[in-house]
């Protein structure tokens, strides 16, 4: 089982792609701009998209993916791509994206009977079984309804927090499982800690308090840093006293479980 990092930045610039992770070759976890680096055949193999929340940097590629692979999947008799998210997130997609104004409604195209996308609600705490991969939906604390995900494997769980501020419920759950890899955001430096608090993101000081609640010594991968701020944020994170092995995640990284 492999996790391919397609994008992990908090915004776009040359060489920076927003959040998207490919589990094996058929499950997307978030669908930011990094999805666009996949070839056409790889895009056509995606059968499931797990969405952490409704913000644009995490959903932008869903509609473009649907348009790109519609004909290929129809010609091959493939079923709809299943989009899994909280009910509130799916409602936001229907109302604000697939509304015929921003983008066509691909939950009804090429026909209502055989669409290229189908929407499937989940709840926090639910365990999804997608082609033999067990994925648990985790709590997140953000400005809109949001979740993270934990992918089970023999090596332990690959955990993706999604966008979240301080989150006691997350650490309570992680204390009950074996965490092999933790992908956690740090969107701002400590000089913008007030903005991080208001927007329910993390800064290095807040990250240190969060990681202190995680036992053991875990591979921790930092994501969602803004373009141009990598060195400054990672320098502040490097000054933390932590037993965990912390590094910045990069597009193109592959995490094997």
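The values are calculated or read from the model by the stated rules, or taken from the named source; none is laboratory data. Everything quoted here is computed from the prediction, not taken from an experiment. Heads up, the Cβs are rebuilt from the backbone with ideal geometry, glycines too, and the neighbour counts pull from every protein chain shown.
Only a single criterion out of (1) in contact with a strand residue (DSSP E or B) (Cβ under 7 Å, 6 or more places away or on another chain); (2) at pLDDT 95 or above; (3) outside any helix (DSSP H, G or I); (4) surrounded by 15 or more Cβ atoms within 10 Å (Cβ to Cβ) is not satisfied by residue 165, namely (1). Scanning segment 219-251 for residues that are more than 22 Å from residue 6 (Cα to Cα), in contact with a strand residue (DSSP E or B) (Cβ under 7 Å, 6 or more places away or on another chain) and part of a loop (DSSP other than H, G, I, E, B) yields a total of 1. When segment 18-42 is filtered for residues that are more than 9 Å from the chain's Cα centre (by Cα) and buried (at least 21 other Cβ atoms within 10 Å of the Cβ), the ones remaining, listed by number, are 18, 22, 23, 27, 33, 34, 35, 38. The set of residues in segment 209-229 that are surrounded by fewer than 18 Cβ atoms within 10 Å (Cβ to Cβ) and within 19 Å of residue 148 (Cβ to Cβ) comprises 209, 212, 213, 215, 216, 219. Number of residues in segment 109-143 that are closer than 19 Å to residue 75 by Cβ and either surrounded by 14 or more Cβ atoms within 10 Å (Cβ to Cβ) or in contact (Cβ under 8 Å) with a residue 40 or more places away in the chain (or both): the value is 6. Consider segment 193-218 and keep the residues that are part of a helix (DSSP H, G or I) and in contact (Cβ under 8 Å) with a residue 40 or more places away in the chain. The one that is nearest to residue 241 (Cα to Cα) is 209.
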